[in-house]
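Before any comments, here is the structure.
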Amino acid sequence: MKKLLILFLLLPALCFAGSIVINPAATTSLKINPSAAKSLNIAPALVFEVRTTSSPEDFALPLVTTGSYNFEVDWGDGSNDTITAYNQSEVTHSYTSSGSYTIKIVGEIYKWSFNNNAYKDMIYDLSSWGSLQFGDEGANFYGCSNLTVSAPSISTTTSRCTSFRAMFSGATSANPDVSNWDTSSGTSFRSMFYLATSATPDVSNWDTSSCENLYRMFYGATLANPDVSNWDVSLLTDAFQIFNYSGWTTTNYDAMLISWSAQSLNSAVTFNAGTTQYSAGAAATAKGVLEGAPNLWVITDGGQAP
């Protein structure tokens with residue numbers, strides 16, 4: 001009772017302290033309501049699982065030379081490190097036993113790219129984005145074939161991101177929730193879901209006002225059927241094979257044709273809808289607008305639906 005009284009008396013001071021620093025190791029057992037954590041300025045953790053199959057076996061965080069880092073990492077085996085530079089020796093951690101480990105990172109972590117490296121198949125479920133932020137590096141989870149993403153979508157992850165290039169390329173198990181991502185600064189979405197065969201991304205409300213490149217964005221994403229009719233493509237210069245071998249339907253193709261044809265566009269853009277067909281009537285008329293002067297788009301598709 002005496003301890004509770006002391007805590008009660010100190011609580012007002014804590015509320016006005018600006019921020020609270022908590023030992024990252026203690027957060028593994030500490031349960032905090034997310035809304036309360038936000039009001040107390042407690043940073044959420046980036047949380048993901050890695051699996052080792054031999055002992056010992058190394059895993060390295062995919063940090064980038066141009067990134068900015070100042071974080072604590074709990075490696076999930078009872079050890080912790082403070083990381084402030086991409087080339088710090090502690091970025092690589094050795095696990096003495098094979099098994100599954102939950103890594104938790106708290107602090108600044110700006111830029112992150114596996115880029116098909118030697119550790120790409122060791123990452124499994126990502127359950128919280130925490131304070132991770134992407135920049136211009138691209139290839140963030142390129143080649144991570146075992147990656148799944150159960151983390152809900154948050155806008156801050158991509159609020160500084162200018163390149164979404166190859167972000168989930170070859171991540172054949174990943175179906176991330178990207179519905180709330182801030183894409184307003186993104187100029188390139190080239191190969192973002194290339195061969196991401198499990199992905200069914202909701203991108204319907206994305207801000208693409210800065211977008212220039214959609215080259216093969218959904219190529220080979222066999223389940224992907226995105227609604228892109230609300231996209232601003234006024235700066236677009238390349239959409240080569242964007243929907244080839246995807247799951248794109250006539251319904252979404254029709255909506256895209258009608259919406260995009262009403263925008264002020266760059267001329268001579270190449271756009272491939274794969275084998276997806278368009279409907280007669282308004283969609284066919286809109287396709288004609290895109291292909292005619294002054295737009296002169298080069299469009300290939302499955303033709304008009306019977």
Checked against (1) in contact (Cβ under 8 Å) with a residue 24 or more places away in the chain; (2) not in a loop (DSSP other than H, G, I, E, B), N244 satisfies every condition except (2)
Taking the range 212-250 as the search range and keeping residues that are touching a Leu at 6+ places or on another chain (Cβ under 6 Å) and closer than 17 Å to R165 by Cβ, which one is surrounded by the fewest Cβ atoms within 10 Å (Cβ to Cβ)?
E212
A careful count of residues in the range 78-100 that are touching a Gly at 6+ places or on another chain (Cβ under 9 Å) and buried (at least 16 other Cβ atoms within 10 Å of the Cβ) gives 3
Please work out which one of (1) under 18 Å from S259 (Cα atoms); (2) in contact with a Lys or Arg (Cβ under 7 Å, 6 or more places away or on another chain) is the condition C211 fails and give its number.
(2)
Residues (surrounded by fewer than 21 Cβ atoms within 10 Å (Cβ to Cβ) and among the hydrophobic types (A, V, I, L, M, F, W, C)) located in the range 113-138
A118
From the list G130, G170, pick out the single residue that is under 15 Å from the mean Cα position of the chain (by Cα), modelled with pLDDT of 95 or more, over 20 Å from M217 (Cα atoms) and of a type in the set (G, A, S).
G130
Just one listed residue, out of E49, E108, is within 20 Å of S153 (Cα to Cα), acidic (D, E) and either crowded, with 18+ Cβ neighbours inside 10 Å or in contact with a Gly (Cβ under 6 Å, 6 or more places away or on another chain) (or both), and it is E49
Matching strands (runs of 3 or more DSSP E) fully within the range 11-78 where at least 3 residues are at pLDDT 50 or above and in contact with a Lys or Arg (Cβ under 8 Å, 6 or more places away or on another chain):
68-74
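The values are calculated or read from the model by the stated rules, or taken from the named source; none is laboratory data. Computed from a prediction, not measured in an experiment: that's the story for all the values here. When we count neighbours, we look across all protein chains shown, and the Cβ atoms used for this are built from the backbone with ideal geometry, even at glycine.
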